Amino acid sequence: MALKVGMLTSGGDAQGLNPAMRGVSRALWNNNPDTKILGFLNGYHGLMHANYRHMQDHDFSGILTLGGTILGTSRQSFKFVNDPLYDNQPEGITRLEAMIQTYNDLALDALVILGGGGTQKTANLLSQKGCNIIHLPKTIDNDISGTDLSFGFQSAVNIATEVIDGIHSTALSHSRVFIVELMGNKVGWLTLHAGIASGADIILIPEIPYTPIKVFQALQTREMEKKRFSIIAIAEGARSIDEVDLDEYELKESRKSIHSVAYHLQNQLEELLIKEIRVCVPGHFQRGGKPSAFDRVLTTKLGVEAANAVIEGDFGKMIGVVGQKTVRVPLQKVSGVTKWVPLDDPVLLAAREMGISFGD
Ligand code: F6P
């Protein structure tokens, strides 16, 4: 019998969502052309409100190179999953119940969910409640456990690298220090990789709290070596050593009105340094544009494996990649587990051996 499969993209978008969906759908239809694919619009919101489209083969045509998501997305925080679906009906159905109801009403055989860590927690809950779930790991942050890579990460590394590449010439002309703040949420993968790929002189990531005076000393060393400019790549989640124990609220308070860590560091350094400092925050630019060739290949591989898991009825799994191989990881094993940059990460160690400062 032909399967009926739902699909949705949830959370912040990232390059690779479209090619991943293309991989899933092509492999499903290749297995059985009568398979029905339902695309829920705007993430879990579409699932809650049964807002979906019957997808056709041509919907997935021409999207390999397209950034964003053809289904749309939204952020539906996991912590509100047991809140009422409608604010004016506090005793009514919850968001989670509404999702399960849609799944059952439509008699889905499976639901393929593309998203990051938050999305994965809801996916795991749906799985525990009896829905047949497959999760595909998407995020430029690369913070999902159980997979070496999440898609979007390599594309974002490419963009962030180009940003810093571009900063080099103007930094050199003006003999300036530049601080480039990169995304990555609470982890430092994107900044570490883009920092190394673009030759940043100082790399500051959340996993290694920085000391402003050490950053200053690294800048001074470069000046003594007659290097006319310096580039600091800093992850948006980085903290200085005296901020480590603060909760989010205390951190905001202590940084006063400065929400960006790059500007905060600029202030800290200006107290120590006379040289001109400029800040560059490329922001959502890192998540935009077309998926890199690497991510197109990765998502095709992961998407096809997701379809295979659906066909085999192997549910409650995230489809990841370890080395060159795709893996099916039980959702309950990885849900809610952040993948930090380990302090013995080979890329990080190589950077240290080259003399790149981590501000510690
Ligand atoms: O998780 C992906 C991410 O791009 C983070 O790197 C960043 O902190 C966050 O999303 C931005 O979220 P929003 O798109 O909601 O502003």
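Just so you know, all these numbers are worked out from the coordinates, no wet-lab data involved. All values reported here derive from a predicted model rather than from experimental measurement. A quick note on method: Cβ atoms are made from the backbone with ideal geometry, for glycine too, and the neighbour counts reach across all protein chains shown.
Summary of values
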| item | result |
| --- | --- |
| The chain: angle of helix 261-270 to the longest principal axis, Cα-based, in degrees nearest 10 | 0 |
| Those residues of the stretch 216-240 whose amide nitrogen sits under 17 Å from the label point placed on S260, 7 Å along Cα→Cβ | 231-239 |
| Overall form of the stretch 161-237 per C-alpha gyration tensor (a/c, 1.5; a/b vs b/c) | oblate |
| Per-selection Rg to Rh, the stretch 107-155 - Cα, Kirkwood hydrodynamic radius | 1.02 |
| Pairwise centroid distance, computed over Cα atoms, of the stretch 326-351 with the stretch 153-175, Å | 26 |
| Paired Rg and Dmax values of the stretch 41-112, which use every Cα atom, in angstrom | 14.4, 45 |
| Degrees, to the nearest 10: 117-128 long Cα axis against longest axis of the chain | 30 |
| Cβ crowding within 10 Å averaged over residues, with 265-272, 13-20 ranked highest first | 13-20, 265-272 |
| Estimated translational D of the chain in µm²/s (Stokes, Kirkwood radius over Cα pairs; 10 °C; 1.306 mPa s) | 74 |
| The chain - mean residue ellipticity at 222 nm from DSSP helices (-39,500 (n - 2.57) per run, n ≥ 4, rounded to 500) | -11500 deg cm²/dmol |
| Computed Kirkwood radius, in angstrom, where 1/r is averaged over Cα pairs of the stretch 150-202 | 11.4 |
| Cβ-defined net charge surrounding V81, 14 Å radius [Lys, Arg +1; Asp, Glu -1] | +3 |
| Net charge of Cβ neighbours under 15 Å - reference S155; Lys, Arg +1; Asp, Glu -1 | 0 |
| Residue pairs, from the table K138/K290; K214/K256; K138/K301; K129/K301, whose Cα atoms sit over 18 Å apart | K214/K256; K129/K301 |
| Which of G184, L251, I196, positive extreme of dipole for the stretch 156-287 (C-beta unit charges) | I196 |
| Volume of the Cα convex hull of the stretch 193-308, divided per residue and given in Å³ | 160 |
| Two-site FRET efficiency, V244 against K79, from Cβ-Cβ distance with R₀ of 35 Å, rounded to 0.05 | 0.90 |
| Summed residue charge, Cβ within 12 Å of H193's Cβ, Lys/Arg positive, Asp/Glu negative | -2 |
| The chain: angle of helix 153-174 to the longest principal axis, Cα-based, in degrees nearest 10 | 20 |
| In Å, descending, principal axis extents of the Cα set of the stretch 114-243 | 64, 32, 18 |
